[in-house]
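Heads up, the thing below is written out as structure tokens.
The numbers here are math on the coordinates, done by the rules we state, and not lab data. The structure displayed is predicted, hence computed values, not measured ones. Glycine gets a Cβ as well: all are built from the backbone with ideal geometry, and neighbour counts include every protein chain shown.
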Amino acid sequence: MLQILNTLHSYNRWIMLALMITALIFAWRGRFSSNRDSQIKLQTKLNLFTLIFTDLQLTLGLLLYAFFSPVTAQGFSNMKMAMKDPVIRFYTVEHIFTGILVVVFVHLAKILFKKKSDTLKKFNSAAISLSIAFLFLLVTIPWPWRAAGRALFP
Ligand code: HEM
């Protein structure tokens, strides 16, 4: 089960990256476009799909975190020791914290895009929220060159 969840969680990161980059490019394009109305439908879809795959990542992550990861289990068994080990600290504290911030800003992008009545404000808020989410996404991913790094394609 650990293997399956880990593999899904790892590959879903690429889907999230692709969707988020597309959504944020289109949001910024809309922000500076003079013909925003025609782009609302597409942006709504991009926001939705980014959110679906982000929430899927959160679900997989929570399952790993709470039930299946030997790394977080080790962390929970001795928090003091976990704080001193960069790999255990990363998965027990830093990864979940920055991962949840990604989720928050992706949700914010979708909510604000729907709520704002002015089209400029719609695209502006989505572009900013998605850009912040993207930065946290880059921070939360355990890239192979980091201390807690994992393979790009396990
Ligand atoms: C939302 C953005 C997130 C991304 C892009 C992401 C990405 C990743 C990647 C690429 C791995 C390495 C998988 C591997 O090849 O072994 C990983 C591991 C892990 N993630 Fe996430 N993650 C995210 C959010 C979360 C959240 C919110 C949690 C917890 C609730 C979480 C819990 C974990 C755990 C526990 C592991 C380590 C599992 C193990 O090897 O024991 N992730 N994550």
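The angle separating the long axis of helix 95-115 from the principal Cα axis of greatest extent in the chain is about 20 degrees.
Computed over the chain, the quotient of the alpha carbon radius of gyration and 2.2 N^0.38 Å is 1.16.
Note on the chain: lysine pairs with Cα distance below 24 Å, sequence gap of 8 or more or different chains, count 15. Here the calculated FRET efficiency for PHE153 and SER117, from their Cβ-Cβ distance with R0 = 41 Å, stands at 0.40, rounded to the nearest 0.05. Protection proxy ranking, highest mean first, for peptides 9-16, 104-111: 104-111, 9-16, where packing is the per-residue count of other beta-carbon atoms within 10 Å, averaged.
Potential lengthening of the chain between LEU138 and MET1 amounts to 46.7 nm, from the contour at 0.36 nm per residue minus the alpha-carbon distance.
Assuming charge only on the beta carbon of Lys and Arg (+1) and of Asp and Glu (-1), the dipole of the chain about its Cα centre is about 460 debye to the nearest 20.
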